[in-house]
Amino acid sequence: MSQALATASLPVPSVVGSLDAYISAVHRIPVLSQDEEQALSRRFNDDNDLESAKKLVMSHLRFVVHVARGYNGYGLQLSDLIQEGNIGLMKAVKRFDPDQGVRLVSFAVHWIRAEMHEFILRNWRIVKVATTKAQRKLFFNLRKSKKRLGWMNAEEVRVVAKDLGVPEATVREMESRLSGRDIGFEAPTDADDEAKPAPEAFLIDDGADPYDSISEADASENQMGALSVALSKLDARSRDIIQRRWLTDGEKATLQDLADEYGVSAERIRQIEANAMKRMRGEIEVAA
């Protein structure tokens, strides 16, 4: 239903071109009486009448604007919050049961706020600030519960934790997240010498340790030396096969190519190769 309503000339701020014009337009839409609301809901539920659903949504757009204004302090565009709330309103219309004896506005507020909350959590910061259920609950209640600016004292933390039913440690962690800000991982682009170092400055570069570099180079040199010794102890044919199969910079020879050259079968070349590799491993292990 939501997609159908979205294509049914539903006014949204981006379409109207002005948020003020949109708000003015939705406030001119008549408010439905309870009888009208129930009749439209039944037609939609019983007959899947999308025109009835559209009228229900249109008459409650002003309420979405009212709810969205309550989230102005999160630094997000009011028009974006309104559009997210409209999605929640359409979901509420789809699930509304007129026989429960409540008005649609009372039922829809949960769905409208849920969509706005999800949008705020996704877009308030680059790094998601609330992931668990307790953190999400705190995110929208902690600012209301704080009695003063700055960090809360131990008593305030205890009161907030008790009121919201979460551990005190969770309150402290969320307060820390709310008080922080996003910073770039890389160094700042300005030439301010007093700017704080970027996070990348605190990363450890293991490759910069001279001891490790020398140790790795020495180990590589020893391995190459052991390989050369092992190759020198093979017979000429075995050495040629190993070099052309595994130690060439160009195109590697196939078993059949070597078989044709030496006048034997490809299986025989494979056996010679396997025996040579076994002997070389033994020589390298002894050298190690």
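Quick note: the coordinates plus some simple rules give every number you see, no bench work behind them. This is a predicted model, so every value here is computed, not measured. Glycine also receives a Cβ, built like all others from the backbone with ideal geometry; neighbour counts cover every protein chain displayed.
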Taking amide H positions as placed 1.01 Å from N in the peptide plane, with prolines and chain starts having none, which residues 5 or more places from D49, or on another chain, fall under 5 Å of its amide H? F44
With the crude spin-label approximation of a point 7 Å out along Cα→Cβ, what separation in nm comes out for A287 versus I29? 8.2
For the range 230-236, Karplus-derived ³J(HN,Hα) couplings (6.51, -1.76, 1.60; θ = phi - 60°; whole Hz; x for glycine and proline) come out as 5, 5, 5, 8, 8, 6, 4
So, in nm, how far is label E118 from label Q256 when the simple model puts each one 7 Å beyond its Cα toward the Cβ? 5.9
Length gained if D20 through W246 is fully extended, taking 0.36 nm per residue and subtracting the Cα-Cα distance, is 74.0 nm
